[in-house]
1. Just to check I understand the Karplus step: with θ = phi - 60° and J = 6.51 cos²θ - 1.76 cosθ + 1.60, what whole-Hz values come out for the stretch 28-37, glycine and proline as x?
2. Give a residue-ordered list of calculated ³J(HN,Hα) values for the stretch 166-173 (Karplus: 6.51 cos²θ - 1.76 cosθ + 1.60, θ = phi - 60°; whole Hz; x for Gly, Pro).
3. Probe 1.4 Å, all protein chains in place: accessible area of TYR3 in Å², nearest 10?
4. Which whole-number percent is the relative contact order of the chain (Cα, under 8 Å, 6+ apart)?
5. For the chain, with a Gaussian network of springs between Cα atoms less than 10 Å apart, report the residue from ASN95, ASN151, ASN115 with the top mean-square fluctuation.
6. Give the residue from VAL26, HIS43, LEU69 lying farthest towards the positive end of the charge dipole for the stretch 2-107; charges sit on Cβ (+1 for Lys and Arg, -1 for Asp and Glu) and the dipole is referred to the Cα centre.
7. Using θ = phi - 60° and the Karplus curve 6.51 cos²θ - 1.76 cosθ + 1.60, what whole-Hz ³J(HN,Hα) does each residue of the stretch 174-184 get, with Gly and Pro shown as x?
8. Between the stretch 8-55 and the stretch 132-167, what's the alpha-carbon centroid distance in Å?
Amino acid sequence: MLYIVATPIGNLGDITLRAIEVLKDVDLIACEDTRHTKILLDHYKIQTSTTSFFQHNRFAKGEYLLSLLKQGKNIALVSDAGTPGILDPGVNLINLAIKNNIAVTVIPGPSAFINALVLSGKPSHEFFFAGFLPKKSGARRKKLDELKKFNSTVIFYESCHRILAALEDIKTVFGDREITLARELTKKFEEIKRGRPEDILKVFKQEKPRGEFVVVI
Ligand code: SAM
C-alpha cells in the first residue's frame with residue numbers, strides 16, 4: 001500500500017492520530033526532504049526509515065519505490081508541508097503506483113490553499129486553485145486575465161520575492177477587487193491581510209514581505 005500522508009503546514013500539532021500510526025507502522029517513508037521530515041518524526045518519536053523522493057530523483061527513485069511496493073512493502077509518502085501531491089513531486093509517485101495497480105490511500109490533513117480559502121471568507125462553492133503563477137510579468141498578467149474569466153474565487157501560491165510584482169499585476173487585471181493574503185498559516189506569526197491590492201501594496205511600503213503567501217482573489 002502507498003499511503004499519501006498529509007503533514008503539518010507549520011504547526012507540528014496539526015497531524016492526525018492515524019497519520020502518526022501509519023508513519024510508525026510503514027516499512028519506509030518517502031520524503032520530499034528527509035532533514036525537514038526528521039523534525040516531525042523526532043517530535044513524535046517515529047523511528048521508521050526514510051528516503052528522499054524529490055524533483056530531481058523522482059524518476060529513478062520512483063522506480064525503486066515501485067519495486068518495493070510490488071514486493072509488498074508499505075510506503076508512506078510525505079511532502080515538506082501539507083498534502084503530498086499538491087504542487088510537489090509526490091504526484092509522480094502516486095501516478096506510478098496507480099498505473100501499476102498498487103493500492104493507494106490518503107491520510108487526510110492540511111493543505112495551505114484550503115485553509116486560506118476558508119479564512120478569506122470568500123465564496124467557496126466554486127473556486128479555482130491556480131498553483132504558482134508564472135514568474136515573468138507578461139505571462140503572469142496573461143494568466144490572471146484567463147483566471148478573471150472564471151468569475152469565481154481564485155487561489156494561488158506566491159513567494160515573498162514576487163508578491164509585490166504579483167500584486168501590481170492583480171491591481172492591473174482585477175482593479176479594486178478585495179483580496180486576502182495569508183502567510184505563516186498555523187504558525188506563531190500567522191498573518192492575514194485583507195484589502196484592495198493597492199491598499200496591501202501601501203502596507204508593504206512600510207514592511208518588507210516575508211515568507212510564503214497564499215493569495216485569494
Ligand atoms: N503540498 C502543500 C499543500 O498542501 O499546501 C503545498 C506545497 S507548495 C510547494 C508550497 C507553497 O504552499 C508555499 O510556497 C506557500 O505558498 C504555501 N504554503 C505552505 N505552507 C504555508 C503556510 N503555513 N502559510 C502560508 N502558505 C503556505
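1. 7, 10, 8, 10, 5, 9, 5, 5, 5, 5
2. Residue by residue, the stretch 166-173 yields 5, 5, 4, 5, 5, 4, 5, 7 Hz.
3. 50 Å²
4. Values: 393 pairs, mean separation 46.1, N = 217.
This gives 21 percent for the chain.
5. Comparing ASN95, ASN151, ASN115 in the GNM, the peak value goes to ASN151.
6. It is LEU69, whose Cα lies furthest towards the positive end.
7. These are the phi-based 3J(HN,Hα) values: 9, x, 8, 4, 6, 10, 10, 10, 10, 9, 6 Hz.
8. 32 Å
The values are calculated or read from the model by the stated rules, or taken from the named source; none is laboratory data. The structure presented is a predicted model; accordingly, all values stated were derived computationally and were not measured. For neighbour counting, all protein chains shown are included, and Cβ atoms are generated from backbone atoms with ideal geometry for every residue, glycine included. We work out accessible area using only protein heavy atoms, side chains counted, and drop any ligands, DNA or RNA first. Shrake-Rupley method; radii C 1.70, N 1.55, O 1.52, S 1.80 Å.
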